[in-house]
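Working notes, beginning with the structure itself.
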Amino acid sequence: MRGRVLITGASGFIGKRLAGALAKKDWDVRAAARDPTSIPAMSGVERVAMPDLAHPADWSGLLDGITHVIHLAGIAQAPGVLPDLLYTRINAEAVGELAADARGKVERFVFISSVRAQAGLSAVSAISEKDAAVPTDAYGRAKLKGEELVAASGVPFTVLRPAVVYGRGVKGNIAALATLAKTPMPLPFAGLDNRRSLLALDNLVSAISLVLGAKEAANGTFLVADAEPISVADLVAAMREGLGRPPHLVKAPLGAVMRLMKSFGKEAEWERISGSFVVDVAKLMGIGWRPSVATRDGIVRMMRSENGAAA
């Protein structure tokens, strides 16, 4: 065995895939969730209940015998819905408490933060870890505060700031765009050549697996994204390819595109995909990470798998 790893938030989109992948790589996995029955039963994975992050908790039982921690649990981004204090409590203060409890017990504490801890919804040039972290909303500010508390705790750590993650079962902005791609209508995205970095779930899992043991990752912060960004036009075309359809994209004024998104109740999502956002992953690749999934290929496979499941 490589060690015994605690994964918090193991019932989520990332956690389920990560728990199974690490078990197959000879890790002894303790997978924690508020409802452990929501974690699929897998060989080499112990399913356990974790405390409510909205309140201070004693983590000693969950940390017993643990050599590594991957902290995924938290509140997902929901602009305009949740109060700032709740983001701070769950995505920052609870993170610091777990890290402090893990100090002196674990070899590595991996905190899955977010690219939103570094920047807003768009950027005029590629962002890297050398740029100052300037989050623009409560979610991003709480994630950055969580990073700071982990670093201050004294536990050996690595922070990962993933871009928007996609894969089978994805929700949020990618799912909203996929809903549009599934419609038979022509979509006015042909003129959208802005580029955005995304992150295949398999690529994120491989990054986490690497930094769990890499000496070069100790006490470092790394952005994570697929190797190359993709334009919105190519993204939608890839979705439709995965559905077995031609792209059927047309050019239209940006105002018309925004009105279309609004008609589907996706105006906020439009604001999130209309700008450019390119992530430079040279730092993580510099310690040996190699993303195996190209964005276009990953999107095609995602849509094929979900289309097949629906069929």
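Assorted remarks:
- Rounded FRET efficiency, nearest 0.05, which uses the C-beta distance separating Arg34 from Ser305 and R0 of 22 Å: 0.20
- Proxy reagent accessibility, fewest Cβ within 10 Å first, across Phe222, Phe13: Phe13, Phe222
- Placing dummy labels 7 Å off each Cα toward the beta-carbon, the span from Arg2 to Ser231 is 3.9 nm.
- From least to most packed, judged by other beta carbons within 10 angstrom and beginning with the fewest, Tyr166, Tyr139 follow the order Tyr139, Tyr166.
- When the C-alpha to C-alpha distance is required to be over 25 Å, the pairs from Lys25/Lys171; Lys105/Lys215; Lys143/Lys283; Lys182/Lys251; Lys25/Lys143; Lys143/Lys262 that qualify are Lys25/Lys171; Lys25/Lys143; Lys143/Lys262.
- Proportion of all alpha-carbon pairs of the range 34-146 beyond 18 Å (%): 58 percent
- Under the Karplus curve 6.51 cos²θ - 1.76 cosθ + 1.60, θ = phi - 60°, whole-Hz ³J(HN,Hα) for the range 225-233, x wherever Gly or Pro sits: 7, 4, 4, 10, x, 9, 7, 4, 4
- Over the chain: helical MRE at 222 nm, DSSP H runs n ≥ 4 each giving -39500 (n - 2.57), nearest 500: -11000 deg cm²/dmol
- Lys, Arg +1 and Asp, Glu -1 on Cβ, resulting dipole of the range 1-142 about Cα centre, debye, nearest 20: 440 debye
- Taking the range 51-103 and dividing mean pair separation by its residue count, relative contact order in percent (alpha carbons under 8 Å, at least six apart): 57 percent
- Per-bin percent of Cα-Cα distances, the range 135-239 [10 Å]: 13, 35, 31, 16, 5, 0
- Cα Rg, Dmax (largest Cα-Cα span) when computed across the chain, Å: 19.5, 59
- Here the chain is assigned +1 on the Cβ of each Lys and Arg and -1 on the Cβ of each Asp and Glu. Its dipole about the Cα centre then comes out at about 720 debye.
- Note on the range 1-125: dipole from Cβ charges, positive end direction compared against Ser43, Thr88, His55; the farthest Cα belongs to Ser43.
- Rounded FRET efficiency, nearest 0.05, which uses the C-beta distance separating Lys215 from Lys130 and R0 of 22 Å: 0.55
- Sorted ascending by nearby beta carbons within 10 Å, beginning with the fewest, His248, His71 become His248, His71.
- Helix axis angle, 13-24 relative to the chain longest principal axis, alpha carbon, degrees: 60 degrees
- Looking at the chain alone, DSSP beta bridges between its own residues are antiparallel in about 5 percent of cases.
- Dipole moment magnitude, nearest 20 debye, the range 178-311 about Cα centre, only Lys, Arg, Asp, Glu C-beta charged: 280 debye
Laboratory data are not the source of any read-out in this text; all were calculated from the coordinates shown. What you are looking at is a predicted structure, and each value in this text was computed from that prediction instead of being measured. Ideal geometry is used to build each Cβ from the backbone, glycine not excepted, and the neighbour counts take in all protein chains shown.
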